[in-house]
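In what follows, a single structure is set out as structure tokens and then discussed.
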Amino acid sequence: MHGCVSHHRARNKLGAIARQVGAEHRQVAITHRGQIVAVLISPAELEELEGLVAVLFLAA
């Protein structure tokens, strides 16, 4: 994971965090009371993961 932010900070800075994730192709975990509750990833990373899932599904 490239970074973690609390859900309070994420709520207040979501636009900036989302732009940074997209521009830098990084991951940011959102935490609540110290536990990861969500992860933001770039669209490029999502596309790559979906491609890997498709390959694995076809190979099975």
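Taking the Cα centre of the chain as the origin, how large is its charge dipole in debye, to the nearest 20, when only Lys and Arg (+1) and Asp and Glu (-1) carry charge on their Cβ atoms? Could you put the intermediate results ahead of the total?
Working: 6 positive and 5 negative charges, 105 e Å.
It works out to roughly 500 debye.
Using r as the Cβ-Cβ distance of Phe57 and Cys4, and R0 as 30 Å, what FRET efficiency do you calculate, to the nearest 0.05? Don't jump to the answer; show the numbers that get you there.
Details: r = 31 Å, r/R0 = 1.02.
Plugging the Cβ-Cβ distance into 1/(1 + (r/R0)^6) gives 0.45.
Quick one: length gained pulling Lys13 to Glu50 fully straight, 0.36 nm per residue minus the C-alpha distance?
Numbers: separation 37, 0.36 × 37 = 13.32 nm, distance 2.73 nm.
Working it through step by step, the gained length comes to 10.6 nm.
Averaging sequence separations of C-alpha pairs under 8 Å and six or more residues apart, then dividing by the length of the chain, give the relative contact order as a whole percent.
Numbers: 64 pairs, mean separation 18.0, N = 60.
Value for the chain: 30 percent.
With both partners inside the chain, how many of the DSSP beta bridges are antiparallel, as a percent to the nearest 5? List each step's numbers first, then the result.
Working: 5 of 8 bridges.
Around 60 percent antiparallel, to the nearest 5.
Using only C-alpha atoms and all pairs of different ones, pull out the Kirkwood radius for region 1-56 in Å with one decimal. Write down the numbers at each step before the final one.
Values: mean 1/r = 0.0846 Å⁻¹.
Hydrodynamic radius (Kirkwood, Cα only) of region 1-56 equals 11.8 Å.
Does anyone have the angle between helix 43-59 and the longest principal axis of the chain? Alpha-carbon axes, 0 to 90°, nearest 10?
Between the helix axis and the principal axis of the chain, the angle is about 30 degrees.
Taking the Cα atoms only, what angle lies between the long axis of helix 7-24 and the longest principal axis of the chain, rounded to 10 degrees?
The helix 7-24 is inclined about 50 degrees to the chain.
Read-outs: derived from the displayed coordinates by stated rules, not from any lab. As the structure is a computational prediction, the values presented were derived from the model and not from experiment. A quick note on method: Cβ atoms are made from the backbone with ideal geometry, for glycine too, and the neighbour counts reach across all protein chains shown.
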